[in-house]
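Presented below is the structure to which this report refers.
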Number of protein chains: 2
Amino acid sequence: MAESADATFAADRAAVQASLARFCDRYLTEVPAAAAAAMRYSLLGEGKRLRAILLLAAYRACGGHGDATDLAAAVEVVHAYSLIHDDLPCMDDDDMRRGRPTVHRVYGVSVAAAAGLAMVPLAARCAAGAGRGLGLPQDACGAILRELMRAAGAEGMIGGQLLDLAGEGLALSLDQLERIHRAKTGALLTASVRLGGRAAAAGDDVLEALGRYGAAVGLAFQIADDVLDVTSTTDELGKTAGRDLALQKSTYPALLGVDGALTRARALVADACGTLEQAGLLTPALERLARYTVSRRN
Amino acid sequence: MAESADATFAADRAAVQASLARFCDRYLTEVPAAAAAAMRYSLLGEGKRLRAILLLAAYRACGGHGDATDLAAAVEVVHAYSLIHDDLPCMDDDDMRRGRPTVHRVYGVSVAAAAGLAMVPLAARCAAGAGRGLGLPQDACGAILRELMRAAGAEGMIGGQLLDLAGEGLALSLDQLERIHRAKTGALLTASVRLGGRAAAAGDDVLEALGRYGAAVGLAFQIADDVLDVTSTTDELGKTAGRDLALQKSTYPALLGVDGALTRARALVADACGTLEQAGLLTPALERLARYTVSRRN
């Protein structure tokens, strides 16, 4: 079963990659050449595609049997925006991402900033097309779009980036740190899981349970990220290790120690799975994905 | 008639302002306080609301008799993004806008950048809600959203900003300059007019004519902007005059002289009106708006 789940994830990853390539072919033809190249570079790099895979797993857990790949890929377009901007010199100033030079290292800061900016309107178009492609009614398409844009916006990712930036060099409390992470990483991850439910026309109770799973998994993912930043090498991570310390960021390991942070992350994973089990939604794939957020090596 | 058109514009402006205030109340409650304040400051400043007013005039010209104000206000949300980012130190580095300090002068660069970024996902949510509020069928709602996001994205505004930045200090040809302006200012202005048509369920021929009007008016608007930058005072403009020269930007007056530039702008206005007349769509309001883009003092 574990093997078949892995095979499903690999197939999902390849399908999402193909969707992203189609988006590039369809939507980047009239984009100024430099921005188009930077967007393509960012979108088609090797990624875990965790958000997309979570969306597809949630979709199936809710009985969806169509093809939600384009919607899953639209979430990855939003995620690509956040990676480009997080790496910019005015943010984390990072040189490596997914084992390659970051977008601004290849295309310059202005082009990278513009390419990042352009991801959100691109994602909105992709998501609108995907909702229609799934044959969903108008209200569901609108709800999908609004949820994705909310996660991408000032309540979600952008607000989280801002809080993150404001917190650099300050000694944050656990609550403050959690608030940043819930917005910066958690919002899009939560939305991914809920959007899988929405794509399968799930009801409010199901969406609520999926959202709680997503929020817990998202926070566990971020705690694991903080831990990996101190315990892994740049080679293993595909991005620069030790960055948080260099930027004087408050992190979970700094506040709780590595073991304490991992204990907290594992408890969140257990909570996440428990929530879904109670709702009758815990598939092997969703359980495995939750555990993976903490057990991963990069 | 001219007076009644002015009264309509004033009423439209007030209604759009009210929509924007509602958007702030509805969508900014969970946004980090600094970003929410900056977004509110930007959205609720005194503006011409030309894009919104064009949308409403096009809507009525196409027989629309509902309330398209929320959709018109969604376009202004996208426009607000472009103003914030254009003014940033890394772009035009401007201190004044709409007669007040620019957003980054009040809230700092990071908050202003984030507030700008957050405008596009906010606009997508507003537009999705507005399409539904107009009772339009799903395809039309999707088309409205895609058109707005296209104008906001890498083919439109963001691509134009990038070309604009890349062109600073270079001697651009008229063709290159026009390409920048068509993307940077023209795309959203064109989309505004076409969205008015879409909101009224206009057919492809009508949208095509509205698009040509919008593109011509958009270019005329930008030429007039270039002219005002050299002929007006900061007080009259509500933003810093003489900025293009200071930034060594290629402009229409630099390439054609002030008189030559105004002649070109007036020819575009005549073209714009001619196109609509031929299509049977030229209302007094749309004619007056086209002329206003060149005759305005700020």
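The values are calculated or read from the model by the stated rules, or taken from the named source; none is laboratory data. Since this is a predicted model, take the numbers as computed values, not measurements. Here Cβ is always computed from backbone atoms with ideal geometry, including for glycine, and neighbour counts include all displayed protein chains. With ligands, DNA and RNA removed, areas are computed over all heavy atoms of the protein, side chains included. Shrake-Rupley method; radii C 1.70, N 1.55, O 1.52, S 1.80 Å.
Checking each residue in the stretch B:57-84 for being crowded, with 23+ Cβ neighbours inside 10 Å, over 14 Å from B:A123 (Cβ atoms) and in contact with a Gly (Cβ under 6 Å, 6 or more places away or on another chain) picks out B:A58, B:Y59.
Evaluate the stretch A:74-89: report whether one residue or more is farther than 28 Å from A:R291 by Cβ, without any contact (Cβ under 8 Å) to a residue 24 or more places away in the chain and within 14 Å of chain B (Cβ to nearest Cβ). Yes: one or more hits.
Kindly indicate whether A:V16 is among the β-branched types (V, I, T), away from every other protein chain (no Cβ under 12 Å), open to solvent by less than 10 Å² (accessible area, probe 1.4 Å) and under 23 Å from A:Y213 (Cβ atoms). When the stated conditions are applied, A:V16 passes them. The condition of being assigned to a helix (DSSP H, G or I) and either at pLDDT 95 or above or more than 10 Å from chain A (Cβ to nearest Cβ) (or both) holds for only one of B:A183, B:A166, B:A128, B:A151, that being B:A151.
For A:V120, state whether it is over 22 Å from A:D229 (Cβ atoms), in contact with a helix residue (DSSP H, G or I) (Cβ under 9 Å, 6 or more places away or on another chain), within 12 Å of another protein chain (Cβ to nearest Cβ) and in a helix (DSSP H, G or I). Against the criterion (over 22 Å from A:D229 (Cβ atoms), in contact with a helix residue (DSSP H, G or I) (Cβ under 9 Å, 6 or more places away or on another chain), within 12 Å of another protein chain (Cβ to nearest Cβ) and in a helix (DSSP H, G or I)), A:V120 qualifies.
Quickly run through the stretch A:203-215 and pick out the residues that are part of a helix (DSSP H, G or I) and either free of Cβ contacts under 8 Å to residues at least 60 places away in the same chain or open to solvent by less than 10 Å² (accessible area, probe 1.4 Å) (or both).
A:D204, A:L207, A:E208, A:A209, A:L210, A:G211, A:Y213, A:G214, A:A215
Taken over the stretch A:174-194, the criterion of being touching a residue at least 12 places away in the same chain (Cβ under 8 Å), open to solvent by 20 Å² or more (accessible area, probe 1.4 Å) and farther than 30 Å from B:G131 by Cα is satisfied by A:L174, A:Q176, A:E178, A:R179, A:R182.
Answer yes or no as to whether A:S42 is within 14 Å of chain B (Cβ to nearest Cβ), assigned to a helix (DSSP H, G or I) and in contact (Cβ under 8 Å) with a residue 60 or more places away in the chain. Yes.
Taking the stretch A:43-73 as the search range and keeping residues that are touching a Leu at 6+ places or on another chain (Cβ under 7 Å) and among the small types (G, A, S), which one is farthest from A:V16 (Cα to Cα)? The selected residue is A:A61. If you filter the stretch A:131-148 down to residues that are more than 9 Å from chain B (Cβ to nearest Cβ) and touching a Gly at 6+ places or on another chain (Cβ under 8 Å), you find that the one that is most open to solvent (accessible area, probe 1.4 Å) is A:G135. Condition first: in contact with a helix residue (DSSP H, G or I) (Cβ under 9 Å, 6 or more places away or on another chain) and either facing chain B (nearest Cβ under 10 Å) or within 18 Å of B:L163 (Cα to Cα) (or both). Now tell me which residues in the stretch A:19-39 satisfy that. Matches in the stretch A:19-39: A:Y27, A:L28, A:T29, A:E30, A:V31, A:P32, A:A34, A:A35, A:A36, A:A37, A:A38, A:M39.
One residue stands out in the stretch B:98-117 among those that are away from every other protein chain (no Cβ under 14 Å), at pLDDT 90 or above and in contact with a helix residue (DSSP H, G or I) (Cβ under 9 Å, 6 or more places away or on another chain): the one that is nearest to B:A34 (Cα to Cα), namely B:V106. Would you confirm whether any residue within the stretch B:236-245 is touching a helix residue (DSSP H, G or I) at 6+ places or on another chain (Cβ under 9 Å), assigned to a helix (DSSP H, G or I), touching a residue at least 40 places away in the same chain (Cβ under 8 Å) and open to solvent by less than 10 Å² (accessible area, probe 1.4 Å)? Within the stretch B:236-245, not a single residue is touching a helix residue (DSSP H, G or I) at 6+ places or on another chain (Cβ under 9 Å), assigned to a helix (DSSP H, G or I), touching a residue at least 40 places away in the same chain (Cβ under 8 Å) and open to solvent by less than 10 Å² (accessible area, probe 1.4 Å).
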